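A.B. asks: This is the structure I have questions about; it appears just below.
Just so it is clear, none of the values below were taken in a lab; they were calculated from the coordinates. Keep in mind it's a predicted model, so treat the numbers as computed, not measured. Cβ placement follows ideal geometry from the backbone for every residue including glycine, while neighbour counts extend to all protein chains displayed.
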Amino acid sequence: MQATSLTADPTRPGFWRGFFSALTGKSVGWAIGLAVVAALMIAPIFVPPLPVLFGRTLFIAIVLLLAYTAAGQWRSPPLPRWVVQLAAIGLTAPIATLAVYLVSTGGDFHELFGNPARVTGFIMIGGAALVFGMVLALGGLYRERDAQANAQALQFALERETLQRQAADAQLKVLQSQVEPHFLFNTLANVQALVESGSARAAPVLGSLIAYLRAAMPQLHQGAPTLGQEEALVRSYLELMQMRMPDRLAFALAIDPALRGVRLPPTTLLTLVENAVRHGIDPSEAGGRIDIGARRNGASVTLWVQDSGRGIDEAQAPGTGLANLRERLAATYGNRAVLTLLGVDPHGVRVEITLPADQA
Amino acid sequence: MSAITALIADDEPLLREHLAAHLARLWPQLRVVAEARNGREAVELFEDRQPQVVFLDVHMPGLSGVDAARSMVGRTQIVFVTAYEQYAVTAFEQGAIDYLVKPFDEARLGETVQRLQQRLQPPVLATAVDGATEAVLERLAGELRGRAEARRWLQWIKASVGTTVRLIPVEQVVFLRSDEKYTLVVWDGGEALIRKTIRELADELDPERFAQIHRSVIVNLARIAQVSRGVNETADVHLNGRSEVLPVSRSYLHLFRQM
């Protein structure tokens, strides 16, 4: 599943994985380096030899690093994560120092707190651990925030690019020829039959084909057609189909003449009518009828294409035509255009599109 | 010489007439004894009239020409007629099956007629049931239907809204939640109750796109914004652009483990 890797929730294995990936060689290096510096700084005023001091500072540094990293893995902390991480340092520094001193005194509290030199040492090492730890932690947090900002900027750039590509794709799809070879050659075969038989219908049918082809060819510089133009295109297409299947196709157009000036994305109505023929009427032995209409509803216009064909099977893959149309409507009107599919009793499909009518 | 009988099957009447007219001119001894408007009629008329030659349009409503031919192989001479079905033409060539591409010219039809006449010369070379041809037809029939059968997962949800039946493309569905014996469908355009149970829907929806995350909840994976861990080995699913938060129960939590 694609979504899971993006939305993963850290359960136990996730915690350890995050923990170890946050524990980089670089962070361990910094801890060791600072332990060396701290040991060198305190060596002149401390009695124990340098290797022992280094052992102590190293121990404290590593414990602090582990505490800081572990606190960073807490996914939904009650306070901001950086507060939790700094608090972990503040809490761990004295505890780790105390542990070091308890080891050196053999676990004897009296020996530790009764000896002023040891108390001074404890305060110095603990204080140094606190200060160094805090400084390093703040540095680490700052860099982390920087990296996050970079990642986010990259993510935004990626999303923007994806959107641009999708817009270009949608445009390209429209520009690609809408004419299916199967439709074209079958229609030409019919025209050929009419011409060869000397039928008087040949000329008007050829006229319909020319009108359809002209409208369906890619149009680079023409803007949105009017509903009147779409109506003429759909009529040409349906007349061709009716010539091909006279016993199986009936149709009627009921478009309010007052709406003929409304502009809409190219081939909006044609896509719906072609779908009605291809998926509704053509696969059905009995055929059916197609009703096309447009009506104003206050500030919006409703277009519909209804067929009494085979209907949609629940497992039938949606055609690309409808998906492209949805994309084009969304690109033009945002969410002010609504495309709805309805089942028709006893069989068939009704598609309704509601558009804002301000283009009228 | 007795007449040769033929059947023409095409859902487009002008094309049936056109082919019949050309055949009458090129092959006067041929008698078209039946015309069929779809594959089912073609099979019925074939059984009734037993024609020696059959012209079958590939693309017909209901039963396709290829499907219809499968019951005729070996019992007649079959010629397929097709408009730009490149994959079909390729298949016909593999099976050495005769075919015409629409729109055809008379010269091309003339070649077909000659071939048919040769094969029908006595003694009729019984087109022995040729295994290769049968295999090609079977594969092609599967391919033609295939587009219908490859789609196994639910693509549309039919939901009654008021007096109408909405057809909702599944990609618009955000999530589904069981509501006693009904299921609540929540999609971009609203909400509706359907009769299918969550269990049925879990079987019918594409598991690449939908996941059951709770005994009573199925979610569209593409709509998940994030998953946050809750107490006691559960989690919550947050959705893109919606306020609902969906529960993930323990037995479905593995879906969201880090990969």
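A.B. asks: When the Karplus curve 6.51 cos²θ - 1.76 cosθ + 1.60 is applied with θ = phi - 60°, which whole-Hz ³J(HN,Hα) does each residue of the range A:104-114 get, with x for Gly and Pro?
C.D. replies: Result, ordered by residue: 5, 9, x, x, 9, 5, 5, 4, 5, 8, x Hz.
A.B. asks: In straight Cα distance, which aspartates and glutamates are under 16 Å from B:LYS196, not counting same-chain residues fewer than 8 positions off?
C.D. replies: A:ASP313, A:GLU314, B:ASP179, B:GLU180, B:GLU204, B:ASP206
A.B. asks: If you take each beta carbon of peptide A:184-191 and count the beta carbons of other chains within 10 angstrom, what is the mean?
C.D. replies: Working: counts 2, 7, 11, 4, 3, 12, 7, 2.
That works out to 6 on average.
A.B. asks: Return the single residue from A:ASP291, A:ASP313, A:ASP256 with maximal mean-square fluctuation; model: Gaussian network over chain A, springs between Cα atoms under 10 Å.
C.D. replies: A:ASP313
A.B. asks: For B:VAL174, what residues show an amide H to amide H distance below 5 Å, using hydrogens built from the backbone and excluding near sequence neighbours?
C.D. replies: Close amide H contacts, sequence-distant or interchain: B:VAL186, B:TRP187, B:ASP188.
A.B. asks: Something else: Cβ under 13 Å from B:GLN117's Cβ, B:GLN117 left aside: what net charge do those residues give with Lys, Arg +1 and Asp, Glu -1?
C.D. replies: 0
A.B. asks: Where the Cα atoms of chain A are projected onto their three principal axes, how long is each span, largest first, in whole Å?
C.D. replies: Reported extents, whole Å, longest axis first: 121, 43, 42.
A.B. asks: Follow-up question, since we're still on this one. B:ALA3: net charge of surrounding residues, Cβ under 13 Å, Lys/Arg +1, Asp/Glu -1, itself excluded?
C.D. replies: Details: positive: B:ARG31, B:ARG49; negative: none.
Surrounding charge for B:ALA3 is +2.
A.B. asks: Here's another thing I want to ask about it. Would you work out which of A:ALA357, A:LEU158, A:PRO225 lies farthest towards the positive end of the dipole of the protein assembly as shown? Charges go on Cβ: Lys and Arg +1, Asp and Glu -1.
C.D. replies: With unit charges placed on the Cβ atoms, the residue in question is A:LEU158.
A.B. asks: Based on other C-beta atoms within 10 Å, arrange B:LYS196, B:LYS102, B:LYS181 from fewest to most. Please list the in-between numbers first.
C.D. replies: On the way: B:LYS196 19, B:LYS102 25, B:LYS181 8.
Result, fewest neighbours first: B:LYS181, B:LYS196, B:LYS102.
A.B. asks: Take the Cα radius of gyration of the protein assembly as shown and divide it by 2.2 N^0.38 Å, with N its residue count; two decimals is plenty.
C.D. replies: Details: Rg = 37.6 Å, N = 619, 2.2 N^0.38 = 25.3 Å.
So the Cα radius of gyration is 1.49 times the expected 2.2 N^0.38 Å.
A.B. asks: Would you mind working out the magnitude of the charge dipole of chain A relative to its Cα centre, with +1 at each Lys and Arg C-beta and -1 at each Asp and Glu C-beta, to the nearest 20 Debye? If you can, show how the numbers build up before the last one.
C.D. replies: Details: 28 positive and 26 negative charges, 175 e Å.
Dipole about the Cα centre, nearest 20: 840 debye.
A.B. asks: To make sure I understand the rule: partners must be aspartates and glutamates, Cα under 19 Å from the Cα of A:LYS26, and not fewer than 8 residues away in the same chain. Which ones qualify?
C.D. replies: Correct list for A:LYS26: A:GLU144, A:ASP146.
A.B. asks: So what is the diffusion coefficient of the range A:181-356 in µm² per second by Stokes-Einstein at 4 °C and 1.567 mPa s, using a Kirkwood Rh over Cα pairs?
C.D. replies: Numbers: Rh = 16.9 Å.
Answer, rounded: 76 µm²/s.
A.B. asks: Taking only Cα atoms of the range B:4-149, what ratio of Rg to Rh do you get with Rh as the Kirkwood inverse-distance radius?
C.D. replies: Ratio of gyration radius to Kirkwood radius: 0.93.
A.B. asks: For the range A:12-144, report the % of Cα-Cα distances exceeding 26 Å.
C.D. replies: Values: 2263 of 8778 pairs.
When all Cα pairs of the range A:12-144 are counted, 26 percent exceed 26 Å.
A.B. asks: As a test, work out the antiparallel percent of DSSP beta bridges whose residues both lie in the protein assembly as shown, rounded to the nearest 5. The partial results should precede the final answer.
C.D. replies: Numbers: 59 of 86 bridges.
Rounded to the nearest five, the antiparallel share is 70 percent.
A.B. asks: Among B:VAL231, A:VAL131, A:VAL351, A:VAL234, what is the fewest-to-most ranking by other Cβ atoms within 10 Å? All intermediate terms of the calculation are to be shown ahead of the outcome.
C.D. replies: Working: B:VAL231 6, A:VAL131 12, A:VAL351 21, A:VAL234 26.
Going from least to most buried by this count: B:VAL231, A:VAL131, A:VAL351, A:VAL234.
A.B. asks: Taking only the C-alpha atoms, wrap a convex hull around chain B and report its volume per residue in Å³ as a whole number.
C.D. replies: Details: hull volume 50.2 nm³, N = 259.
Cα convex hull per residue, to the nearest whole number: 194 Å³.
A.B. asks: For peptide B:165-171, how many partner chain Cβ atoms fall within 10 Å of a residue's Cβ, on average? The partial results should precede the final answer.
C.D. replies: Values: counts 8, 4, 11, 2, 7, 2, 3.
Counting other chains' Cβ atoms within 10 Å and averaging over B:165-171 gives 5.
A.B. asks: Given charges of +1 on the Cβ of Lys and Arg and -1 on the Cβ of Asp and Glu, with all other atoms neutral, how large is the dipole of the range B:4-149 about its Cα centre, in debye to the nearest 20?
C.D. replies: On the way: 15 positive and 22 negative charges, 62 e Å.
The dipole of the range B:4-149 has a size of about 300 debye.
A.B. asks: Given H placed 1.01 Å from N in the peptide plane, which residues other than close sequence neighbours of A:ASP256 have an amide H under 5 Å from its amide H?
C.D. replies: Answer set, sorted by chain and number: A:ALA294.
A.B. asks: Over chain A, what relative contact order in percent results from Cα pairs under 8 Å that are six or more residues apart?
C.D. replies: Numbers: 404 pairs, mean separation 34.2, N = 360.
Relative contact order here is 9 percent.
A.B. asks: Can you tell me the dipole magnitude for the protein assembly as shown around its Cα centre, using point charges on the Cβ only (Lys, Arg +1; Asp, Glu -1), in Debye to the nearest 20? Don't jump to the answer; show the numbers that get you there.
C.D. replies: Details: 59 positive and 61 negative charges, 387 e Å.
So the dipole magnitude of the protein assembly as shown works out to roughly 1860 debye.
A.B. asks: Would you work out the relative contact order for the range B:36-97, in percent, from Cα pairs under 8 angstrom that are 6 or more residues apart? Mind dumping the intermediate values first?
C.D. replies: Working: 65 pairs, mean separation 20.9, N = 62.
About 34 percent, as a whole number.
A.B. asks: Taking neighbour Cβ counts within 10 Å as the exposure measure, how do B:HIS214, B:HIS59, A:HIS182, B:HIS254 sort from fewest upward? Walk me through the numbers before you get to the answer.
C.D. replies: Numbers: B:HIS214 19, B:HIS59 22, A:HIS182 16, B:HIS254 10.
The most exposed by this proxy come first: B:HIS254, A:HIS182, B:HIS214, B:HIS59.
A.B. asks: Another question about this same structure. Count charges around A:THR105 for me, please; just the other residues with Cβ under 13 Å from its Cβ, Lys/Arg as +1, Asp/Glu as -1. Numbers along the way, then the final one.
C.D. replies: Working: positive: A:ARG56, A:ARG118; negative: A:ASP108, A:GLU111.
Neighbourhood net charge equals 0.
A.B. asks: Could you tell me the relative contact order of chain B? Use alpha-carbon pairs under 8 Å, at least six residues apart, and round to a whole percent.
C.D. replies: Details: 407 pairs, mean separation 25.5, N = 259.
Computed value for chain B: 10 percent relative contact order.
A.B. asks: Counting only other chains, what is the mean number of Cβ atoms within 10 angstrom of the Cβ of each residue in peptide A:313-324? Please report the intermediate quantities before stating the final value.
C.D. replies: Details: counts 4, 11, 10, 6, 7, 7, 0, 0, 0, 1, 2, 0.
Partner Cβ neighbours, averaged per residue: 4.
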